[in-house]
Amino acid sequence: MLPARKLRTRTGGKFFPNPAQARLRVVHMHHSKPEPLGRVRLISTDFDGTIHDEGAPEAVPAALQRRLAELQQGGVVWAINTGRDLCSLLEAMVQAEMFVRPDYVVAVEREIYRWDGEGFRPVEPWNQQCREDHAALYQRTAPGFRVLHKQLRGRFDAHFYQDDWSPLAVVARSNLQMDEIQLVLEDFCRTEGGLSAVRNDVYTRLSHHGYSKGTALREIARLHDLTPAEILAAGDHFNDLPMLDRQHAARLVSPSNAIAEVKAHVQQQGGFIAQGRSGLGILEALSG
Ligand SMILES: [Mg+2]
């Protein structure tokens, strides 16, 4: 079984209707050149796999941190947009000995927190509305969830559980198994309406379809009166797809370790695929 911290934190994702097919679409992958940052006023980065790599000599490269600090000093707003909950993110930032701090955190792909000089405070009325919308949706869909839960347990030997954010969360034994489970979940979401199955690797949770890394980024942009032309978004996995979209950010970036579906999605929209892994890749995009 996977460590508890990972169960709790590493979930999320959007998805292709048929992941196997989506993978086949990525045939030629070439690296483009990053554009100069120019008008960018807001940067939204995923955390795990995008700026943070546990296995790297520096989990979050110091050079990337210095560049982010420099951009912040120049008035750029930086948000970490993650599937982790706030506590887990802050814990990981301490472990990574990070010396820069984002202006915003989007946690669990939906809640927004803003640094106020002393701590990260919930951004309202967004978070309250988010909680109410999820509570109403989960109440409406509860009977369906009970049936689905039973059906899934009968078919798959994955780990199914409930947490503060989702009445049904899954940790699959493999990505292949998650591909199959994801199809069942997407079917359920279509039938019930209003739901998304948010996947990150072998983890999936359910969410209100109105809340994602994309809509949270749009809310931060609204608070700062910024247009997509002034926004850069960077991510590596399924749960980043909603923000890796030109309707939210004109500049799209993926590190070299991003999954094929994400690279294809970014490249199709004229985004930048870095040569470096995670933080070093994002640094390439921010160096212009
Ligand atoms: Mg990631």
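The values are calculated or read from the model by the stated rules, or taken from the named source; none is laboratory data. Values in this document were obtained by computation on a predicted structure and should not be read as measured data. So basically every Cβ, Gly included, is an ideal-geometry build from the backbone, and we count neighbours across all protein chains shown.
Just a few scattered comments:
- In the set (1) surrounded by 13 or more Cβ atoms within 10 Å (Cβ to Cβ); (2) in contact (Cβ under 8 Å) with a residue 12 or more places away in the chain; (3) out of contact with any Gly (no Cβ under 9 Å at 6 or more places or on another chain); (4) under 30 Å from R66 (Cα atoms), the condition left unmet by E186 is number (4).
- Subset of segment 241-279 [within 13 Å of the ligand (Cβ to nearest atom), part of a loop (DSSP other than H, G, I, E, B) and of a type in the set (A, V, I, L, M, F, W, C)]: L241, M243, L244, A258, I259
- Within segment 102-140, being touching a strand residue (DSSP E or B) at 6+ places or on another chain (Cβ under 8 Å) and among the small types (G, A, S) holds for one residue alone: A107.
- Tally, over segment 216-240, of residues that are among the small types (G, A, S), assigned to a helix (DSSP H, G or I) and within 16 Å of the ligand (Cβ to nearest atom): 1
- Within segment 109-191, strands (runs of 3 or more DSSP E) holding 2 or more residues that are aromatic (F, W, Y): 111-115, 159-161
- With respect to the conditions (1) without any contact (Cβ under 8 Å) to a residue 60 or more places away in the chain; (2) within 16 Å of the ligand (Cβ to nearest atom); (3) polar (S, T, N, Q), N81 falls short on a single one, namely (1).
- Some residue of segment 190-198 being closer than 30 Å to L68 by Cβ, within 16 Å of the ligand (Cβ to nearest atom) and either in the same structural domain as F156 (by TED's automatic domain parsing) or among the hydroxyl-bearing types (S, T, Y) (or both): yes
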